[in-house]
Amino acid sequence: MRREGRPYAVVADESLLTILVFRGGALAKAGHNHVIASHSITGTAWVPQDPERASFEIHVPVDDFTIDEPELRALEGAEFSADVPDSARAGTKKNMLSEAMLDGAQFPEVVLRSGHMERGSEGMLAEVSVTIRGQTRTVTVPVQYQVRENEVRAQGQVALRQTDLGLTPFSLLGGALRVEDEMTVKFSVVARAE
């Protein structure tokens, strides 16, 4: 794909990707809702005069995902108010990176590449190719953004189904304790001119 416009490099330590996953099943009370986060995203956004011609490529290293940082849980309200023991956080990360889920050993990153962009009611709608476990799926993501001299800030959130991304939600005891298919993905990205 031909990139147009000025390149802006993602500033990892000022950017945040969070994924909210929810417990389900008859034994849901035995599980936890989780806040999965990345403070390590890298990549580039290209911003021309016409926002419909903007594009981006973002890389998310899966091994750097954090699980249930207390300050991030506090921001998400009552559904995330329960304390999560260290053992549950470690178990969640192990399951997430396992061969059955993200297969982090073989596929160390998730890659997000923009396709078609169009104006929406509150910003832009980006067609995003999501590559997970070597498979690429396309989703539509609403993006609000501001461009100032040498900086671009983009934010948004979208509900996605794990199955739409080619993933099988974690499940135990025949589904009596499981992770719900639908999750909420939030992002706040800061990028500066290269």
Report task. Select, from 76, 52, the only residue that is surrounded by 14 or more Cβ atoms within 10 Å (Cβ to Cβ) and among the charged types (D, E, K, R). Result -> 76
Query raised in the report: Does residue 92 meet the test of being at pLDDT below 95, over 30 Å from residue 120 (Cα atoms), in contact with a His (Cβ under 8 Å, 6 or more places away or on another chain) and hydroxyl-bearing (Ser, Thr, Tyr)?
Result: yes
Query raised in the report: Which pairs have Cβ atoms under 8 Å, sit 6 or more apart or on different chains, and link a residue in the range 125-138 that is among the β-branched types (Val, Ile, Thr) to one that is open to solvent by 70 Å² or more (accessible area, probe 1.4 Å) and assigned to a strand (DSSP E or B)?
Result: 128/113; 128/138; 128/140; 130/136; 130/137; 130/138; 131/113; 138/127
Report task. Hey, can you tell me all the residues within the range 69-92 that are closer than 24 Å to residue 163 by Cβ, out of contact with any Asp or Glu (no Cβ under 9 Å at 6 or more places or on another chain) and in contact (Cβ under 8 Å) with a residue 24 or more places away in the chain? Result -> 76, 79
Report summary line: The residue from 147, 84, 189 that alone is surrounded by 15 or more Cβ atoms within 10 Å (Cβ to Cβ) and modelled with pLDDT of 95 or more is 189
Query - Lone qualifier among 130, 147 - being closer than 18 Å to residue 17 by Cα, touching a strand residue (DSSP E or B) at 6+ places or on another chain (Cβ under 9 Å) and hydrophobic (A, V, I, L, M, F, W, C) - result: 130
Query raised in the report: Can you tell me which residue in the range 107-128 is farthest from residue 50 (Cα to Cα), limited to those that are open to solvent by 40 Å² or more (accessible area, probe 1.4 Å) and in contact with a Lys or Arg (Cβ under 8 Å, 6 or more places away or on another chain)?
Result: 107
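The values are calculated or read from the model by the stated rules, or taken from the named source; none is laboratory data. In this text, all values refer to a predicted model and were calculated from it rather than measured experimentally. Every residue, glycine among them, receives a Cβ derived from its backbone with ideal geometry; neighbour counts consider all protein chains shown. We work out accessible area using only protein heavy atoms, side chains counted, and drop any ligands, DNA or RNA first. Shrake-Rupley method; radii C 1.70, N 1.55, O 1.52, S 1.80 Å.
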